[in-house]
1. Around residue 79, with a cut-off of 13 angstrom between Cβ atoms, what is the net charge of the other residues, counting Lys and Arg +1 and Asp and Glu -1?
2. Placing unit charges on C-beta atoms (Lys and Arg positive, Asp and Glu negative, everything else neutral), compute the dipole magnitude of the stretch 133-195 about its Cα centre in debye, rounded to 20.
3. Enter the angle in degrees (range 0 to 90, nearest 10) between the Cα long axis of helix 96-105 and the first principal axis of the Cα atoms of the chain, meaning the one along which they spread out most.
4. Relative to the longest principal axis of the chain, what angle (0 to 90°, nearest 10) does the C-alpha long axis of helix 71-80 take?
5. Looking at the P(r) of the stretch 18-112, how many percent of alpha-carbon pairs lie beyond 15 Å?
6. Using a 1.4 Å probe and ignoring any ligands, DNA or RNA, find the accessible area of residue 106 and quote it in Å² to the nearest 10.
7. Below 14 angstrom from the Cβ of residue 37, what's the summed charge of the other residues (Lys, Arg +1; Asp, Glu -1)?
8. Extending each Cα 7 Å along its Cβ direction at residue 100 and residue 26, get the distance between those two points in nm, one decimal.
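The values are calculated or read from the model by the stated rules, or taken from the named source; none is laboratory data. In this text the structure is predicted, and so the values were computed from the model without any measurement. Ideal geometry is used to build each Cβ from the backbone, glycine not excepted, and the neighbour counts take in all protein chains shown. Keep in mind that these areas ignore ligands, DNA and RNA; they rest on the heavy atoms of the full protein, side chains included. Shrake-Rupley method; radii C 1.70, N 1.55, O 1.52, S 1.80 Å.
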Amino acid sequence: MNEATNPPLGGRGLKIALIGYGKMGKTIESIAQQRGHEIVLKIDVTNADELTPANLQKADVAIEFTSPHSAYGNVMKCLQAGVPLVCGSTGWLDRLEEVKQYCLQHNGAFLYASNFSVGVNIFFEINKRLAELMNPHPGYAIHMEEIHHIQKLDAPSGTAATLAEQILERVERKDSWTNHNSTDPTLLTITSKRVDTAPGTHIVTYSSDIDTIEITHTAHNRLGFATGAVLAAEFLKDKKGIFSMKEVLGL
Ligand SMILES: NC(=O)c1ccc[n+]([C@@H]2O[C@H](COP(=O)([O-])OP(=O)(O)OC[C@H]3O[C@@H](n4cnc5c(N)ncnc54)[C@H](O)[C@@H]3O)[C@@H](O)[C@H]2O)c1
């Protein structure tokens, strides 16, 4: 990703509300400003009471990267205020359908991605195709591993959960995924490792007695996630409905 493929918007800058000013929020602020946007509201735990409809409505779009525990409440406040919302917080997906229903019923705009990077979204497409090809070959055992920094609160990662769902939809011999070691052949095991500062690695492995096929995505830093989130905000302005990175990136 560089300026040649995603030029700054110049005079068409957005007014952005940033909810969550941690590692991702700060990186998003920097990318958004480089692309000619203005941060009109910045919310973190110390000023969470400023997340009001009046403040949110000063923005064209809100971007939310907080935590598994706070995401749902923040998302609902944005949708209730009628502000288009890009959300990247992971670990709260049990309430995602509820949010999508609310958004559709109230004519809002919402884009969620478990991973905003261009590379991972291409990796998702490769993962789906590989799963289709491996479906008729039960001799291959399937395993997934994800490696993240030690501050990460949820396991498995949202990206690993998306990869696993894509496999479950295409490989008939797998019924569900588990984050524990299991020998049940109907379960897809995801191993989660937490080490130092790793921004995120995902490995999908198909192994048989004869050979192994492995696909790996390794994020080197957070720039890919942050750039994707800003591209998503640019895409979402003035739209209504539910979207994903597939539409943003035209995949
Ligand atoms: N979708 C993606 O591409 C992607 C990429 C990286 C991280 N993430 C996810 O984004 C989230 C944030 O990641 P991070 O690395 O920035 O974490 P972080 O811990 O560095 O930052 C989170 C920030 O949110 C703040 N926060 C917590 N509760 C809040 C609340 N109620 N209101 C406002 N702010 C609140 C925290 O104080 C902190 O500053 C995590 O869920 C992570 O898994 C998603």
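1. On the way: positive: 77, 95, 100, 240; negative: 64, 98.
Charge balance near residue 79 sits at +2.
2. My answer is approximately 180 debye.
3. Compared with the principal axis, the helix lies near 40 degrees.
4. 50
5. 57
6. Estimated to the nearest 10 Å², residue 106 gives 100 Å².
7. +2
8. 3.4
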